[in-house]
Amino acid sequence: MGIICIYIDHIYPQSLLEAESVKRALEAWIPEFEDVLDSCFPICRLFGYLRIYNETSNLKVRFHDLLTTNPFWDYKNHALIEDWEKQCIDMFVSLVEDRCTCDDVNAFIKTKRLYQENSYDICRGHDVLRLLSLSLIHKHIYSVKNIMTIMIASYSSGDFNLAMIPRKPMLDDVLGKLKVMSLHSPYPESCFILKQGKNDWANRRSMIALICGLFGFKWVE
């Protein structure tokens with residue numbers, strides 16, 4: 001069986017948390033969901049700013065291993081620590097070994113006007129879910145895994161189609177390339193493995209399932 005690996009990025013639906021079907025499901029399960037989600041955005045936005053600065057400046061900070069929301073969470077009082085913003089930027093700067101300063105970071109955020117961007121375009125899903133789970137106290141019930149299960153199960157095809165409208169040109173390009181590859185493949189039963197780019201893998205399942213279904217490809221994770 002032939003194997004063709006295709007890397008796809010920036011054509012997937014918006015954050016699942018932004019979809020109305022997902023919001024309704026989470027609000028039904030978590031009464032205080034909307035308020036808690038809003039409280040998560042400030043620090044998750046800052047993490048998003050730092051990720052953008054990290055990537056555009058090629059600083060190569062590994063957020064997953066070194067910089068997470070957990071150090072800025074006061075477990076005793078069940079809230080963010082008082083000076084979380086300053087400590088977060090200070091920790092980031094310490095990780096890049098004098099290749100930038102706190103002033104550089106703040107100037108970048110201001111110059112690029114990142115504060116004007118939609119929170120769902122700035123925040124990374126796993127940052128939001130991790131902090132959302134911490135904020136809901138009963139972490140054994142509202143774990144990241146359980147929250148994600150509800151999100152995936154409730155995500156409607158209507159929200160998916162609506163989210164794909166602005167991405168249709170890129171989607172058409174990808175599907176066109178897949179079709180050409182399938183026609184010229186020397187293998188009658190080619191197995192197409194679609195691998196994620198830099199964004200969240202969990203938010204990509206619907207897109208991958210759609211592409212595989214359209215062309216009858218086998219999906220291998």
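Do the conditions hold for residue 94, that is, is it hydroxyl-bearing (Ser, Thr, Tyr), surrounded by fewer than 16 Cβ atoms within 10 Å (Cβ to Cβ) and out of contact with any helix residue (DSSP H, G or I) (no Cβ under 9 Å at 6 or more places or on another chain)? For residue 94, the condition - hydroxyl-bearing (Ser, Thr, Tyr), surrounded by fewer than 16 Cβ atoms within 10 Å (Cβ to Cβ) and out of contact with any helix residue (DSSP H, G or I) (no Cβ under 9 Å at 6 or more places or on another chain) - is met. Selection of first residues in the range 89-105 that are closer than 12 Å to residue 67 by Cα and of second residues that are modelled with pLDDT of 90 or more, restricted to Cβ pairs under 6 Å at least 6 apart or on distinct chains, gives the following pairs, ordered by first then second residue: 89/102; 89/105; 92/50; 93/102; 96/59. Restrict the check to the range 34-52 and report whether at least one residue is surrounded by fewer than 17 Cβ atoms within 10 Å (Cβ to Cβ), free of Cβ contacts under 8 Å to residues at least 12 places away in the same chain and over 21 Å from residue 122 (Cα atoms). There is no residue in the range 34-52 that is surrounded by fewer than 17 Cβ atoms within 10 Å (Cβ to Cβ), free of Cβ contacts under 8 Å to residues at least 12 places away in the same chain and over 21 Å from residue 122 (Cα atoms). Taken together, the residues in the range 116-137 that are at pLDDT 90 or above and exposed (fewer than 12 other Cβ atoms within 10 Å of the Cβ) amount to 1.
Which residues, taken from the range 138-158, are of a type outside the set (Val, Ile, Thr) and either surrounded by 17 or more Cβ atoms within 10 Å (Cβ to Cβ) or in contact (Cβ under 8 Å) with a residue 40 or more places away in the chain (or both)? Passing the criteria: 142, 148, 151, 153, 154, 155, 156, 158.
The values are calculated or read from the model by the stated rules, or taken from the named source; none is laboratory data. Since the structure is predicted, the reported quantities are computational estimates derived from the model, not experimental observations. Positions of Cβ are backbone-derived with ideal geometry, glycine not excepted, and every protein chain shown enters the neighbour counts.
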